[in-house]
Amino acid sequence: MSTGPKSVELPNGDQVPYSVQRREVDNPRLTLNPDGTLAVVVPPNIRGDRIVASERDWIESQYESQQSQLASLLQRYDDLLGSFTLWGRSYDLQVKTGNYEISVDGSEISIVTPEEESYLRYLQRKLRDALKTAVRTLAAKFCSEVGRSYETLTVRSQRTKWASCSSGDTLNFNLRCAFLPIPHLRYLVAHEVAHLVEQSHSDEFWQVVQSLVPGYEREKSELQGFWYAVHHNPLWVDLLD
């Protein structure tokens, strides 16, 4: 059983939304998600709001750490939260009526669709095609290096992760990966290809990742900040609503 979203106010006045799930667990569990929401899991006989109140110092510490990481990210990249971000670059989005067309000119992306067509649906289709092409290109190189192959590649709007490698050697990528700079996408593709070699996150697995993308640690560490950003970018929220 779960309760609807509530929020806890921090000393600086910021509000952190949270939801409560009651499960057969021994102890309460709190997780600050990469999108800035708080997940609270409690045994059936414990009130979630009381746990949240008692752990406000911990929530504040985690939240401040997350915001610090985001601030560092925003110093290195364009306006991730305001403009339309594609491959880590920010663009002004211009929407026009006419025959289907999408073009990039400097810092502007122009989208043309018939009056009866949603430009968001058209943009989503074009992004899915572009992301599939990028992932296939990267995966082909990495698979050749490790001597493995995948059977299927999917692109969809996953809610909890950037990518995954499921049974049957299927590589799954979140459409939100098109938000990321190419080096971060390279890391994600290498990560999932490495799972074709080793399913668990063992030492062998990370050795494979290192062989494919030496010095991957920075890209890996920044993914949480990008996850927060894509979930707070209004255009991307509309795109995937």
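Between ARG148 and THR160, the simple label model (points 7 Å from Cα in the Cβ direction) yields a spacing of 2.2 nm. For the chain, a/c is not less than 1.5, where a ≥ b ≥ c are the root eigenvalues of the C-alpha gyration tensor, and a/b does not top b/c. That puts it in the oblate class. Think of each Lys and Arg Cβ as +1 and each Asp and Glu Cβ as -1; about the Cα centre, that makes the dipole of the range 30-134 roughly 380 debye. Dipole size of the range 35-87 about its Cα centre, with +1 on Lys/Arg Cβ and -1 on Asp/Glu Cβ: approximately 180 debye, rounded to the nearest 20. Taking a point 7 Å from the Cα of SER118 along the Cα-to-Cβ direction, none of the residues of the range 149-193 has its backbone N closer than 13 Å to it. In this simple spin-label approximation, GLU217 and THR137 carry label points 7 Å from Cα along the Cα→Cβ vector, and these lie 3.0 nm apart. Taking all protein chains as they are arranged and a probe of 1.4 Å, the heavy atoms of SER72 leave approximately 60 Å² accessible to solvent.
For the set HIS195, HIS184, the ranking by accessible area, highest first and with no ligand, DNA or RNA atoms included, is HIS195, HIS184 under a 1.4 Å probe.
Annotation: lysines with alpha-carbon distance below 25 angstrom to LYS141 (same-chain offsets under eight excluded): LYS126, LYS132, LYS161, LYS220.
Only helices enter the 222 nm calculation for the chain: every DSSP H run of n ≥ 4 contributes -39,500 (n - 2.57), and dividing by all residues gives -13500 deg cm²/dmol, rounded to 500. I want to verify a result. In a Gaussian network model of the chain, Cα cutoff 10 Å, which of these has the top mean-square fluctuation: GLN210, GLN199, GLN75? Maximum among the listed residues: GLN75. Taking a label point 7 Å from the Cα of ASP105 along the Cα→Cβ vector, which residues of the range 64-95 have an amide N closer than 15 Å to it? From the range 64-95, the list is 92-95. Taking LEU120, LEU175, LEU131 as the candidate residues, the one with maximal mean-square fluctuation in a Gaussian network model of the chain, Cα springs under 10 Å, is LEU120.
Phi-derived couplings, Karplus 6.51 cos²θ - 1.76 cosθ + 1.60 at θ = phi - 60°, listed residue by residue for the range 18-28: 9, 10, 10, 10, 9, 9, 7, 10, 6, 9, x Hz, with x used for Gly and Pro.
Beta bridges per DSSP, both residues in the range 68-115: antiparallel share near 55 percent. When ARG50, ARG128, ARG176 are compared by accessible area at a 1.4 angstrom probe, the order from most to least is ARG50, ARG128, ARG176. Put +1 on the Cβ of each Lys and Arg and -1 on the Cβ of each Asp and Glu in the chain; which of THR85, PHE142, SER61 then has its Cα farthest toward the positive end of the dipole? Projecting each Cα onto the dipole axis, the largest value belongs to PHE142.
Computed over the Cα atoms of the range 122-241, the ratio of the radius of gyration to the Kirkwood radius (Rg/Rh) comes to 0.96. Using only side-chain charges placed at the Cβ, +1 for Lys and Arg and -1 for Asp and Glu, the dipole size of the range 123-241 relative to its Cα centre rounds to 480 debye.
Compute a Gaussian network model of the chain, connecting alpha carbons closer than 10 Å, and tell me which residue from HIS191, HIS201, HIS231 fluctuates the most. Among HIS191, HIS201, HIS231, the largest GNM mean-square fluctuation belongs to HIS201.
The values are calculated or read from the model by the stated rules, or taken from the named source; none is laboratory data. Quick caveat: nothing in here was measured; it's all calculated off a predicted structure. Here the Cβ is made from the backbone with ideal geometry for all residues, glycine too, and neighbour counts use every protein chain on show. SASA here: full protein model, heavy atoms, side chains in, ligands and nucleic acids out. Shrake-Rupley method; radii C 1.70, N 1.55, O 1.52, S 1.80 Å.
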